[in-house]
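Have a look at the structure below, then the notes.
The values are calculated or read from the model by the stated rules, or taken from the named source; none is laboratory data. This one's a predicted model, so the numbers in the text were calculated from it and none came from an experiment. Cβ sites come from the backbone with ideal geometry, for glycine too, and all protein chains shown count toward neighbours.
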Amino acid sequence: MNESIFIAKDVVKQYGEHTALNKVNISVPKGSIYGLLGPNGAGKTTLMRIINQITAPDSGSLLFDGAPLDKHHISEIGYLPEERGLYKKMKVGEQALYLAQLKGMSYTEALEKLKFWFKKLDILSWWNKKVEELSKGMAQKIQFVVTVIHEPKLLIFDEPFSGFDPINAAIIRQEILELSEKGTTIIFSTHRMESVEEICDHIALINKSQTVLEGPIDEIKKQFTNNSYEVITASKELNENDYFSILTKKDTTFRIQLKEGKKQQEALQSIVAAMEIISFKKEIPSMEEIFIKAVNNA
Amino acid sequence: MHKIWLIIKREYLVRVRKKAFIVMTIVGPLLMAALLIVPTYLAEESQELRNIAIEEDGFEFTNQLEDTEFLHFSKIPQEKATLLKEGFTESNYYALLHIEENNFTLYSNQQISLSVSNGIENQLEKIIEHQKLKAAGIDLTILESAESTVNITTKIISEDGNTTNSQAEASMGIGFICGILIYMFIFMYGTMVMRGVIEEKTNRIVEVIISSVKPFQLMMGKILGVALVGLTQFVLWILLTFAIATIAELLFMDVSSMTTELSSAQQSILLSEISSLTGGINLAQIFLSFLFYFLAGYLMYSSLFAAVGSAVDAEADTQQFVLPITIPLILAFILIQPIMENPDGTLAFWMSMIPFTSPVIMMVRLPFGVANWELALSIGILVSSFILTTWFAGKIYRTGILMYGKKASYKELWKWLSYKA
């Protein structure tokens, strides 16, 4: 495993009586697209706010690129919060310049980069419009640009696709993948499991203020497979034997489970010997199933 | 530091460019100039000589009513009086005084000015008084010789023995204007800060911004930006008021005749009169104190207003928190009058020490003269309390701006104070 851009160790954050984070550990590998998952109220937003130094943890240690997280790291992180907006009465260009400068860019640098991005996303004609004249999706595009404009090492997106139509969502997804290819690490928080599957390579699942799962997606999936297979045969007469038991049966489709210590080949051979097989497929859990299982087991 | 400048700049420019600001900046001085000019104009108008007709059986009152600078009385016969009542406009009479026994009625075709009816009333009262005194057998000449007028000259002796004429009227005027201005500015710009905070919260831009700057920087940037808007408006008002007043004076008053009439000697007398009118009042001290109390009072109150703005989701919910903040300010406003009457009393002293009322009350007291130690103490208390309130407000603010859709209670606010940043 390559080194981590961000590590949180035993992070605790309390709001009065309420514990938002209870000894949370995550470690985000450099260059990864890291899915931060969890049900509502699990503490994801608090964790993202801690990474952005909007709020500080009560205890625990935070490392950014090997050094303790510090004020100057602000310009190396870009954050697109779930609750996001713009000044309605301000002009688009002026506002984008303001927000870029707040991230520490100089005026000329900000202007140059903004023009580049506005051209790239084909929104240059909005430069002198007021934000209130734009649709929600248009405003989201500007927020995306403002988040990535200072070319940070770490980008944090909280529900980046909400408010976008499918076409614009695809454009933004493409931009995120491009940024990732250039080496930017991306933390990606969403409730839409299909997009996690599509773009993340690592995940952390936070539930009830604690990290429940963390690691590369394929390893986690392996962890959640329980040696079950979906078998479709030409006959309806499939019976349990020494190698497997039958979980469910529907017409000629069976879900079977290997018995303790038995191998896939043994089970397959035992079926082939008896009948013709139309399909034999290992059941790999979807992220959605893993999510529900992990949350319910906790 | 660079970032807080960016915030101040944005907050300032956004507000100064607003139409409402430009309109207020122009309309304000027009109103003030009108307040200065209209009374003088009205006073001049009332100075014209008015003919009053008298309708009376006999000459009992007619003979005793004396013409004054502005009133000329003349008796007219009964028939003419009836005619006059039907057609005032053609006659050169302003009003008709009808006397019957001790009943007096004043007729006119227009609203009778208060000064005219008061003038006539006073004369009639005196006449009747004299009649009664005579009937009681009191010699009028003795009464007249007993009448006396006293004019007290008030002088203030300073510690080095110099005396200056004290001018209560001028002190009152200056104190009143300064107190009202500070009250107005704190209210206007304090709520402007609060609305700005609510706007950022409802727009949901606040989380984007505080991922780049500290919440305290955002709050202070806004407060200072709005303070500059206030100062800009104030300076523009003063300049424009003077400009408008000067232009109006040139237009409405015959300046050429004034300047030729006034010889240089007279002019110097006029100047010395003006300086004696404000003599004993340290204008430089008042100006500097005004700037200080305006800024410090505004800083203290606006940080509290910012905290309120951060705790609510909409302006409609601010009421319960704004009220306790504004009560001391309104109290100070109400107490301006009594404190002007007794500027050195216990109430005045304490009100100019308590930081929530001192910006208004100290400005009311200052023109009357305040001991240096009192002024220093008041300034010291105000400075330390605005540091305290901004610290306190900052803690509420940084938690409040990130609480969406949660209605805050006082208990909740208290808890926020204990949260770690």
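What is the one condition in (1) surrounded by 13 or more Cβ atoms within 10 Å (Cβ to Cβ); (2) within 14 Å of another protein chain (Cβ to nearest Cβ); (3) part of a helix (DSSP H, G or I) that B:Leu382 does not satisfy?
(2)
Do we have A:Leu63 as in contact (Cβ under 8 Å) with a residue 12 or more places away in the chain, of a type outside the set (S, T, N, Q) and assigned to a strand (DSSP E or B) here?
Against the criterion (in contact (Cβ under 8 Å) with a residue 12 or more places away in the chain, of a type outside the set (S, T, N, Q) and assigned to a strand (DSSP E or B)), A:Leu63 qualifies.
Among the listed residues B:Pro355, B:Pro359, identify the single one that is in contact (Cβ under 8 Å) with a residue 60 or more places away in the chain and under 37 Å from the mean Cα position of the chain (by Cα).
Of B:Pro355, B:Pro359, the one residue that is in contact (Cβ under 8 Å) with a residue 60 or more places away in the chain and under 37 Å from the mean Cα position of the chain (by Cα) is B:Pro359.
Among the candidates B:Val208, B:Val193, B:Val235, B:Val197, single out the residue that is over 14 Å from B:Ala307 (Cα atoms), touching a helix residue (DSSP H, G or I) at 6+ places or on another chain (Cβ under 9 Å) and aliphatic (A, V, I, L, M).
B:Val208
If you take the residues of segment A:77-86 that are in a loop (DSSP other than H, G, I, E, B) and touching an Asp or Glu at 6+ places or on another chain (Cβ under 8 Å), which of them is farthest from A:Tyr15 (Cα to Cα)?
If we take residues in segment A:77-86 being in a loop (DSSP other than H, G, I, E, B) and touching an Asp or Glu at 6+ places or on another chain (Cβ under 8 Å), then A:Arg84 is farthest from A:Tyr15 (Cα to Cα).
Looking only at segment A:1-18, filter to residues that are within 14 Å of another protein chain (Cβ to nearest Cβ) and of a type in the set (A, V, I, L, M); which one of those is surrounded by the fewest Cβ atoms within 10 Å (Cβ to Cβ)?
The selected residue is A:Val12.
Can we say A:Ile142 is at negative phi, away from chain B (no Cβ under 12 Å) and surrounded by 14 or more Cβ atoms within 10 Å (Cβ to Cβ)?
For A:Ile142, the condition - at negative phi, away from chain B (no Cβ under 12 Å) and surrounded by 14 or more Cβ atoms within 10 Å (Cβ to Cβ) - is not met.
In segment A:95-139, which residue that is of a type in the set (S, T, N, Q) and within 11 Å of chain B (Cβ to nearest Cβ) is surrounded by the most Cβ atoms within 10 Å (Cβ to Cβ)?
The selected residue is A:Gln101.
Only one of A:Thr185, A:Thr233, A:Thr225 is surrounded by fewer than 16 Cβ atoms within 10 Å (Cβ to Cβ) and of a type in the set (Ser, Thr, Tyr). Can you tell me which?
Result: A:Thr225 is the single residue among A:Thr185, A:Thr233, A:Thr225 that is surrounded by fewer than 16 Cβ atoms within 10 Å (Cβ to Cβ) and of a type in the set (Ser, Thr, Tyr).
Suppose we keep only residues that are charged (D, E, K, R) and on the phi < 0 side of the Ramachandran plot within segment A:19-61. Which one would you say is nearest to the other protein chains (Cβ to nearest Cβ)?
A:Asp58
Assess whether A:Ile167 counts as being under 18 Å from B:Val208 (Cβ atoms) and assigned by TED's automatic domain parsing to the domain that holds A:Ala96.
No; evaluated as a whole, the condition is false for this residue.
So, in segment B:118-127, exactly how many residues are surrounded by 14 or more Cβ atoms within 10 Å (Cβ to Cβ) and either at pLDDT 85 or above or more than 16 Å from B:Ala95 (Cα to Cα) (or both)?
Of the residues in segment B:118-127, 4 are surrounded by 14 or more Cβ atoms within 10 Å (Cβ to Cβ) and either at pLDDT 85 or above or more than 16 Å from B:Ala95 (Cα to Cα) (or both).
With respect to A:Gly35, is the statement that it is in contact with a strand residue (DSSP E or B) (Cβ under 9 Å, 6 or more places away or on another chain), assigned by TED's automatic domain parsing to the domain that holds A:Ser209, surrounded by fewer than 20 Cβ atoms within 10 Å (Cβ to Cβ) and closer than 17 Å to A:Phe6 by Cα true?
Here the answer is no, as A:Gly35 does not meet what is asked.
Given the structure, is A:Thr147 within 12 Å of another protein chain (Cβ to nearest Cβ) and outside any loop (DSSP other than H, G, I, E, B)?
Judged against the criteria, A:Thr147 is a match.
If I go through segment A:1-53 residue by residue, how many of them are assigned to a loop (DSSP other than H, G, I, E, B) and not acidic (Asp, Glu)?
Residues flagged as assigned to a loop (DSSP other than H, G, I, E, B) and not acidic (Asp, Glu) within segment A:1-53 amount to 14.
What are the residue pairs meeting all of these: first residue in segment B:64-77, first residue within 11 Å of B:Gly119 (Cα to Cα), second residue of a type outside the set (D, E, K, R) and surrounded by fewer than 14 Cβ atoms within 10 Å (Cβ to Cβ), Cβ atoms under 7 Å, and 6 or more apart or on different chains?
B:Phe70/B:Gln47; B:Phe70/B:Leu49
Looking at segment A:189-206, can you tell me whether even one residue there is closer than 26 Å to A:Met105 by Cβ, in contact with a helix residue (DSSP H, G or I) (Cβ under 8 Å, 6 or more places away or on another chain) and outside any helix (DSSP H, G or I)?
yes
Look through A:Ile292, A:Ile256, A:Ile246 and report the one residue that is of a type in the set (Val, Ile, Thr) and under 18 Å from A:Lys221 (Cα atoms).
Selected residue: A:Ile292, the only one of A:Ile292, A:Ile256, A:Ile246 that is of a type in the set (Val, Ile, Thr) and under 18 Å from A:Lys221 (Cα atoms).
Given the condition surrounded by fewer than 22 Cβ atoms within 10 Å (Cβ to Cβ), more than 10 Å from every other protein chain (Cβ to nearest Cβ), farther than 23 Å from B:Arg195 by Cβ and not hydrophobic (A, V, I, L, M, F, W, C), answer yes or no: does some residue in segment A:77-92 qualify?
Taking every residue of segment A:77-92 in turn, none turns out to be surrounded by fewer than 22 Cβ atoms within 10 Å (Cβ to Cβ), more than 10 Å from every other protein chain (Cβ to nearest Cβ), farther than 23 Å from B:Arg195 by Cβ and not hydrophobic (A, V, I, L, M, F, W, C).
Would you check which residues across segment B:318-364 are polar (S, T, N, Q) and within 20 Å of B:Ile381 (Cα to Cα) and list them?
Scanning segment B:318-364 gives B:Thr326, B:Thr346, B:Ser352, B:Thr357, B:Ser358.
Based on this model, can you work out whether A:Ile74 counts as facing chain B (nearest Cβ under 8 Å) and not in a loop (DSSP other than H, G, I, E, B)?
yes
Given the condition surrounded by 14 or more Cβ atoms within 10 Å (Cβ to Cβ), in contact with a strand residue (DSSP E or B) (Cβ under 6 Å, 6 or more places away or on another chain) and not in a helix (DSSP H, G or I), answer yes or no: does some residue in segment A:173-182 qualify?
No, the conditions are met nowhere in segment A:173-182.
Kindly indicate the residue of segment B:171-225 that is surrounded by 19 or more Cβ atoms within 10 Å (Cβ to Cβ) and of a type in the set (D, E, K, R) and also nearest to the other protein chains (Cβ to nearest Cβ) among those meeting that condition.
Among those residues, the one meeting the criterion is B:Glu207.
Please go through (1) more than 14 Å from every other protein chain (Cβ to nearest Cβ); (2) modelled with pLDDT under 85; (3) surrounded by 17 or more Cβ atoms within 10 Å (Cβ to Cβ) for B:Ala408 and return the number of the only condition it doesn't satisfy.
(1)
In segment B:373-398, which residues are closer than 25 Å to B:Val213 by Cβ, in contact (Cβ under 8 Å) with a residue 24 or more places away in the chain and of a type in the set (Val, Ile, Thr)?
Within segment B:373-398, B:Thr389, B:Thr390, B:Ile396 meet the criteria.
A quick yes/no check of all residues on (1) closer than 20 Å to A:Ser32 by Cα; (2) touching a Leu at 6+ places or on another chain (Cβ under 9 Å); (3) outside the structural domain of A:Gly38 (by TED's automatic domain parsing):
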| position | (1), (2), (3) |
| --- | --- |
| A:Pro160 | yes, yes, no |
| A:Arg173 | yes, no, no |
| A:Arg192 | yes, no, no |
| A:Ile199 | yes, yes, no |
| A:Lys208 | no, no, no |
| A:Ile232 | no, no, yes |
| A:Thr252 | no, yes, yes |
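So, in segment B:338-359, of the ones that are at pLDDT below 90 and assigned to a loop (DSSP other than H, G, I, E, B), which residue ends up surrounded by the fewest Cβ atoms within 10 Å (Cβ to Cβ)?
By that ranking, first place goes to B:Asn342.
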